[in-house]
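S.K.: This is the structure I want to talk about, given as structure tokens.
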Amino acid sequence: MRALVTGASRGIGAGLLDEGRARGHDVLGTARDGELALDVTDASAQARIAAQVGAIDLLICNAGVYLDKGVELEDLSIEMLTETFAVNVTGVIQTVQAQLANLSKGGRIAIIASAMGSQDRASGNAFAYRASKAAAVNVARNLAAALAPRGIAVGAYHPGWVRTDMGGSAADVSVEQSARGLWDRFEALSPASSGCFETWDGQPVPF
């Protein structure tokens, strides 16, 4: 399987890159710097990467930001909201638009979302991040419906509370555990399961 991972320079993205390659897949990774440099909010960069990468079987939209961690509602700025949605929502849509021609029938799209975007888990904090991940799940569901006639399956996935710079040292899932579980989900994704929202270890997440 040939796959492309966005946001692959560190954390979960880097773990997905390593795990996919360990399974024998041909996995490419983008980051803001490097050979496949990509800012997911930059349409011209998206077009360049799409031309550079060529045909793929799996697109993993992993690039994301969590800018309002610990930020009180009164301190949440318009700039923070705008950047969060630009990366976590618009960036996902732009990535899919750019790579769609590279995905043939039977292709798969995996969107790394978060259980924090579940309507059942609105706990009164992280307004920008939670709203953006809820939107990302909605995008995944819409894509699943839109791309079904083309034979492309789409899933949204919660990677767990992972020990990364974003998740912090107290998190209960290692990058390696999350990446292994997520790849199990990606490999199992099919038209029958398209539109799913699942955890890294295969549990359904309420929308």
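The values are calculated or read from the model by the stated rules, or taken from the named source; none is laboratory data. No experiment lies behind these values; they were computed from the predicted model shown. Quick reminder, even Gly has a Cβ in these numbers, built from the backbone with ideal geometry, and neighbours come from all protein chains shown.
S.K.: Residues Y129, Y157: which one is in contact with a strand residue (DSSP E or B) (Cβ under 8 Å, 6 or more places away or on another chain), modelled with pLDDT of 95 or more and not β-branched (V, I, T)?
M.R.: Y157
S.K.: Now, a different point. Determine which member of the set G29, G20, G11 is surrounded by 22 or more Cβ atoms within 10 Å (Cβ to Cβ) and either in contact (Cβ under 8 Å) with a residue 60 or more places away in the chain or among the hydrophobic types (A, V, I, L, M, F, W, C) (or both).
M.R.: Result of the check over G29, G20, G11: G20.
S.K.: Also, quick follow-up: Where residues in the stretch 124-166 are touching a residue at least 24 places away in the same chain (Cβ under 8 Å) and basic (K, R), which of them is surrounded by the most Cβ atoms within 10 Å (Cβ to Cβ)?
M.R.: K133
S.K.: Has the stretch 72-86 got any residue that is surrounded by 19 or more Cβ atoms within 10 Å (Cβ to Cβ) and out of contact with any Ser or Thr (no Cβ under 7 Å at 6 or more places or on another chain)?
M.R.: Within the stretch 72-86, none of the residues are surrounded by 19 or more Cβ atoms within 10 Å (Cβ to Cβ) and out of contact with any Ser or Thr (no Cβ under 7 Å at 6 or more places or on another chain).
S.K.: Go through the stretch 160-199 and give me each residue that's closer than 17 Å to L58 by Cα, in a loop (DSSP other than H, G, I, E, B) and either β-branched (V, I, T) or touching a Leu at 6+ places or on another chain (Cβ under 9 Å) (or both).
M.R.: Result: L189, S194, G195.
S.K.: Another question, then. Restricting to the stretch 78-103, give me the number of residues that are out of contact with any helix residue (DSSP H, G or I) (no Cβ under 9 Å at 6 or more places or on another chain) and either acidic (D, E) or outside any helix (DSSP H, G or I) (or both).
M.R.: 1
S.K.: So, one more: Considering the stretch 56-77 alone, what residues qualify as being assigned to a loop (DSSP other than H, G, I, E, B) and either in contact with a Cys (Cβ under 6 Å, 6 or more places away or on another chain) or under 19 Å from A31 (Cα atoms) (or both)?
M.R.: Once the filter is applied, which keeps residues that are assigned to a loop (DSSP other than H, G, I, E, B) and either in contact with a Cys (Cβ under 6 Å, 6 or more places away or on another chain) or under 19 Å from A31 (Cα atoms) (or both), the stretch 56-77 yields N62, A63, G64, V65, Y66, L67.
S.K.: I need every pair where a residue in the stretch 104-120 that is within 10 Å of A156 (Cβ to Cβ) and assigned to a strand (DSSP E or B) has its Cβ under 7 Å from the Cβ of a residue that is polar (S, T, N, Q) and modelled with pLDDT of 95 or more, sequence separation at least 6 or different chains.
M.R.: I112/N62
S.K.: Return yes or no: is G15 closer than 24 Å to H158 by Cα and assigned to a helix (DSSP H, G or I)?
M.R.: yes
S.K.: State all residues of the stretch 36-50 that are closer than 14 Å to L4 by Cβ and either among the β-branched types (V, I, T) or in contact (Cβ under 8 Å) with a residue 60 or more places away in the chain (or both); if no residue qualifies, say none.
M.R.: V40, I49
S.K.: Please find, among N138, N88, the residue that is under 21 Å from A179 (Cα atoms) and out of contact with any strand residue (DSSP E or B) (no Cβ under 8 Å at 6 or more places or on another chain).
M.R.: Only one candidate qualifies: N88.
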